[in-house]
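**Student:** Once you've had a glance at the structure underneath, I'll fire off some questions.
Derivation of every value follows stated rules applied to the coordinates shown; laboratory data play no part. In this text, all values refer to a predicted model and were calculated from it rather than measured experimentally. Virtual Cβ from ideal backbone geometry, glycine too; neighbours counted across all protein chains shown.
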Amino acid sequence: MSIKVKRRVHVAAAAIISADQQQVLIARRPSNVDHGGLWEFPGGKLAPYETGLEGLKRELHEELGVEIVCAQPLIRVHHEYPDKHILLDVWQVHEFAGEPFGREGQAVRWVPMSELSNYPFQRLICRFCAR
Ligand SMILES: Nc1nc2c([nH]c(=O)n2[C@H]2C[C@H](O)[C@@H](COP(=O)(O)OP(=O)(O)OP(=O)(O)O)O2)c(=O)[nH]1
Ligand SMILES: [Mg+2]
């Protein structure tokens, strides 16, 4: 009998809110990665030496080319995938510098909050959006 220990993955993601407070920025995962083609809140895995906010700052710089000016923790979600356990810390980013664009070739879109449910999201975020 073999016991499979799931990987634990700590992820930080951002709900980036537009200046008029009406829209949130989402990105579509490239087709060649896990959950490819689904929409997500930008972010990624924390390095072992990083705090959540440090990791989020690095990820938003790498993925969108923006620098966080002001952010606060919004919600923590756990989710079991078949092969891993994800701990996702979602931050609300109220203020940032720079113009976001998909630095890794991913589609990026500002979406009215009320329309988020029209986008196929990764499992975790479906829960976050209470769909
Ligand atoms: N960023 C992000 N990740 C999410 C969301 N929902 C969700 O289940 N995840 C999962 C998918 C992945 O297993 C993990 C984050 O992976 P990632 O692919 O963004 O990590 P990363 O940016 O560090 O990319 P890489 O270095 O592994 O290429 O969290 C979400 O809304 N945003
Ligand atoms: Mg990522």
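**Student:** Of all residues in segment 58-70, count the ones that are crowded, with 18+ Cβ neighbours inside 10 Å and in a strand (DSSP E or B).
**Tutor:** Adding up the residues that qualify gives 1.
Every residue, every condition in (1) within 16 Å of Ala27 (Cβ to Cβ); (2) without any contact (Cβ under 8 Å) to a residue 12 or more places away in the chain; (3) in a strand (DSSP E or B); (4) within 15 Å of ligand 2 (Cβ to nearest atom), yes or no:
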position	(1), (2), (3), (4)
Tyr49	no, yes, no, no
Leu56	yes, no, no, yes
Gln72	no, no, yes, no
Pro100	yes, no, no, yes
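**Student:** Let me ask something else. Is it fair to say Trp110 is in contact with a Gly (Cβ under 8 Å, 6 or more places away or on another chain), more than 13 Å from ligand 2 (Cβ to nearest atom), touching a residue at least 40 places away in the same chain (Cβ under 8 Å) and outside any loop (DSSP other than H, G, I, E, B)?
**Tutor:** Details: in contact with a Gly (Cβ under 8 Å, 6 or more places away or on another chain): no; more than 13 Å from ligand 2 (Cβ to nearest atom): yes; touching a residue at least 40 places away in the same chain (Cβ under 8 Å): yes; outside any loop (DSSP other than H, G, I, E, B): yes.
So Trp110 fails the test.
**Student:** Let me ask something additional. Let me confirm something: among Val11, Val33, which residue is in a strand (DSSP E or B) and either surrounded by 16 or more Cβ atoms within 10 Å (Cβ to Cβ) or within 9 Å of ligand 1 (Cβ to nearest atom) (or both)? Reasoning before the result, please.
**Tutor:** Working: Val33 fails: in a strand (DSSP E or B).
Result: Val11 is the single residue among Val11, Val33 that is in a strand (DSSP E or B) and either surrounded by 16 or more Cβ atoms within 10 Å (Cβ to Cβ) or within 9 Å of ligand 1 (Cβ to nearest atom) (or both).
**Student:** Output the number of residues of segment 73-93 satisfying the condition of being loosely packed, with under 15 Cβ neighbours inside 10 Å, more than 10 Å from ligand 1 (Cβ to nearest atom) and either more than 14 Å from the chain's Cα centre (by Cα) or acidic (Asp, Glu) (or both).
**Tutor:** 3
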